[in-house]
Structures are given as structure tokens and as C-alpha cells.
1. Compute the separation of the alpha-carbon centres of the stretch 443-457 and the stretch 190-213 and state it in Å as a whole number.
2. Take VAL463 and GLU274, extend 7 Å from each Cα along the Cα→Cβ direction, and tell me the distance between the two endpoints in nm.
3. Go from 0 up to the bin containing the longest alpha carbon distance in the chain, width 10 Å each, and give me the % of pairs per bin.
4. Efficiency by 1/(1 + (r/R0)^6): what FRET value for SER79 and HIS56, r their Cβ-Cβ distance, R0 = 35 Å, to the nearest 0.05?
5. Take the Cα of ASP378, step 7 Å along the line toward its Cβ, and report every residue of the stretch 14-53 whose backbone nitrogen sits under 20 Å from that point.
6. Per residue, how many Å² of accessible area does the chain show with a 1.4 Å probe?
7. Just tell me which lysines come within less than 24 Å, Cα to Cα, of LYS18; anything on the same chain fewer than 8 places away is out.
8. In nm, what is the difference between 0.36 nm times the number of residues separating ALA335 and ALA405 and their Cα-Cα distance?
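The values are calculated or read from the model by the stated rules, or taken from the named source; none is laboratory data. Given the structure is predicted, the values throughout are model-derived calculations rather than measurements. Neighbour counts run over all protein chains shown; Cβ positions are idealised from the backbone, glycine included. For accessibility, only protein heavy atoms count, side chains too; no ligands or nucleic acids. Shrake-Rupley method; radii C 1.70, N 1.55, O 1.52, S 1.80 Å.
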Amino acid sequence: MTDTTPAARLRAEASVEKVGSFPQDFRWGLATAAYQIEGAALEGGRGPSIWDTFSHTPGLSHHGDTGDIACDHYHRWESDLDLLASLAVTDYRLSVSWSRLQPSGRGDLNPAAVAFYREVLAGLAARGIRPLVTLYHWDLPQPLEDEGGWPVRETAYRFAEFATKAVEALGDLATDWVTLNEPWCSSFLGYGKGAHAPGRQDYRAAIHAAHHLNLAHGLAVAGIRAAQPGASVGVTNIVTDIVAASESTDDRAAAVRLDASSNRIFLDPVYLGEYSAAVWDTLGERGLADVVQDGDLAIISAPTDFAGVNHYQRVIASHDDSQPFGVLEVPAEPATTSFGWSVIPASLTAVLTRVAREFTPLPVYVTENGASYDDYVDPNGDVVDTERVDYLRGYLGAAAEAIEAGVDLRGYYAWSFLDNFEWAEGYSKRFGLVWVDYRTQERIPKLSAHWYRRLITEHQAAVAHLAA
Ligand code: IFM
């Protein structure tokens, strides 16, 4: 009997022809981050990070949620990797936890943590999945925050030491490294708005942190290359599509300031070797001039091998003196995710072509893109997330358009493999292609996971057909 449930119909509709053309060796990936999935916060010698402190502080995370257990991936990694392999992905982006590997933020690595990540990486190799390893996805060891955190220059040197040691310990099992994930969130959300750990509200400190994160990236590139001469290394930035609310001079200037303080402060120094006039005008007197030292920009712009782009939103900027940097930003209409973020696939094409045109000819990876929706398990036991299927179809189509326009896009990592701890939003936002029941730790691949698997296998079948 033909299965006519909505899930079956939509599975049947997934088709690579409807999405676009991708290079033969395109990397089809899923992404996660350590604190969001691992749990086992007090096991294996792990020390507290700023996210343990933040999430355990009453009132700071939704519902008081923490990453103490999360998806319990620390104990379930083998079955999770089996599940990952069943989805046919070729690549997996994971992060290693700094506070697990080096709990004090300096000195020797924790052998139990090294053993854990070695098992995970060997497990990926055994399943034929290539890892892309992020070295900093926001879990600064708390002892380093106690010494001042990212607003303090020394933290950049501590990170470079950690990154070098991590690559020395894991480099026989991985070759592709992302130094930092979204330094904008670590600096401006963490030290400016205070919405993320460590929860400080001081924009001058945020700007200091931003520069020190850039410096940390550059110093780490040198350390990684020394530890593993064949390494492929890059940094991942969140690149937001910013549009002025009107043609007025004030709103256009606000859009320039928002671009400077969210995109350019990270893209300029890494790819252009300077902070542009827009960045100096917006942030120079507000803190950047305090911390940039001679020689920093040469360190930060050390050559990399790829550009990582995370993309989530188009935002509309208007002039408003009551807001940081005089900019009010609101999500663009029309469609929104459960986070209230815009769903405008053309914004992905826009940021990818912009990065290629204005910043770098390097190969690009979309290291994150995805959406949270109010998913639920239906009476058949299925999670029919048609909105996420539409989202992925739209954004992958937009990625294909960027390729057609000449962007050297080599891969796409959907955020996220599993529903997980969404930082200050706790478990209230579900980004996974796989549903996680946090009570039982059951995993249910959502319709989007079936759709993505079908897209990948159709692509691979087409490549095999061409080769035959
Ligand atoms: O969950 C986060 C991830 O850790 C970093 N990029 C954005 C995602 C969704 O908010």
C-alpha cells in the first residue's frame, strides 16, 4: 500500500534538481557545538566555563536551563555518530570544549578530554565522515574570565596556546580547523548587550574583546600551522545582511555603523589587513583605539585557507540615538522563525557574493545556516517540520545561486544536527534536523533530516552517473 502521509509525500518531493547545482565534491554537513550537546559538565575532569556560570545564574537563561546534561552526547556519541552516518552527510562540524580540554585555561591538556575527542574523531573516520573542528565555540574557561576574559589581551595568547596544543593532540585525526565561531557573539552579546556569557554590559569592554578575539585568531593560525603544517584553517563569522530602513542620510549612516560593528570589525582585519574607515569611525573612540597595537593587524591577517560564513538573518537598520552605536535593528519581514528571525534566502546569496567580492577570493563554507521552529512529535511519532524543509530548500537554492554567480562555495553545514541547548534561550528553541526528547534522550530524525539525506544521496547518485 502506498504511504500517503504528509511525511512520505514530502520525502518524495525532495529533489536536488529543484534546489540547484552543486560541485561534485561539495561538502554536505551538519554542525553542533560542545556545550550545546555534550552535557557531562562535571565529568572527565571538565572545568567550568563562562556558560556554566552564566546558565547557573538565576534569571539569565530561559527557564534556568543549563548545559549540564544537554543531549548527553558525551555518553551517547557512538549512537549519535551512527545516526549522523545514517543521514548520509559527508562532513560534520563539531567543536572541542576548551574548558574540558584545558580546565584552567593554561598548561597541559586534560588526558581524559583528549581521549574523548580522539574517540569521537576516530569514530567519524570509521564512518567516512570528515570533521571540521571548531576550537572556540564560546566556552571560555571560567578562570580566564576571572582574570578579565576577552577584554584582556592576555586571553588571546592563552587561546593560541590552547589551539596549538589541541591541534598537536588531535591533528592526526583532523586537518580542518575553525579558530573561532562568531566572535561577534562572544564580544558584543557577551560583554556589550550581556545577553550571552559572561553577561557583562559594557560596550567599551565588548570592543576590546572583539579586537582580542581577532588577535587570538591570528595567533592561533600561526600556532596551528606550526603544529600541523598541512592544516586547513579559517575563522567563522556570522555575516548579517543589513539593509537601511529608508533612503534617509541618517538611516543609511546607521546601516553603515551596524555593518561596521557586526560584520566589518571581524572581516576587515582578517581578509583586508586593516580596520576600515567605517570601523574606526564607529568604534575607534568607543574603545578600538585603546587596544590596537603595532603589528596586530599583520598577525590577524595571516593567510588562511577558507572563509567560514554563518548566516541567519537580514536586519533593517534605522537611526536611533537611544541604541548602541545609534542604531535600532529589527528583523526584516516577511517570514520569521520561532526566534523572530527573517526567512529571506536571497540574503544568503547576498552575503556570500559580498564576502567573495569585497573581502576574499578564498574558498567559502557556509559553516552554519538554519532555523528554529515550534516542532512537535505528532500522533504517528513523526516530526513533520515542513517549515524547515522549505527553509533548507530555499537557502540551499540561494547557496546554489551564489555558486552560479561565481562564489567558490565548497560546502554547507546545516545548523544543527540535533536539537540542543540554545544558549540564553535554553531548550526553548529547536534548530535540529533531529528531534531530541530531553526527558528520555530519544532522537527522532525530523522530516528535514529525511529530506536532507535524500538531497545528498541524489547529488551523489548524479555524480556517480557522470563518472560512469
Ligand atoms: O546555536 C547557535 C550557534 O551556537 C551559533 N550560531 C547561531 C546558532 C543559533 O542561534
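1. Centre-to-centre (Cα) distance: 37 Å.
2. That separation, rounded to one decimal, is 4.0 nm.
3. Bin by bin from 0 Å, the calculated values are 4, 21, 33, 28, 12, 2, 0, 0.
4. Working: r = 28 Å, r/R0 = 0.81.
With a Förster radius of 35 Å, E is 0.80.
5. 14-15
6. Values: 17060 Å² over 468 residues.
In whole numbers, the chain has 36 Å² accessible per residue.
7. Hits, sequence-local ones excluded: LYS446.
8. Numbers: separation 70, 0.36 × 70 = 25.20 nm, distance 2.53 nm.
In short, 22.7 nm is gained.
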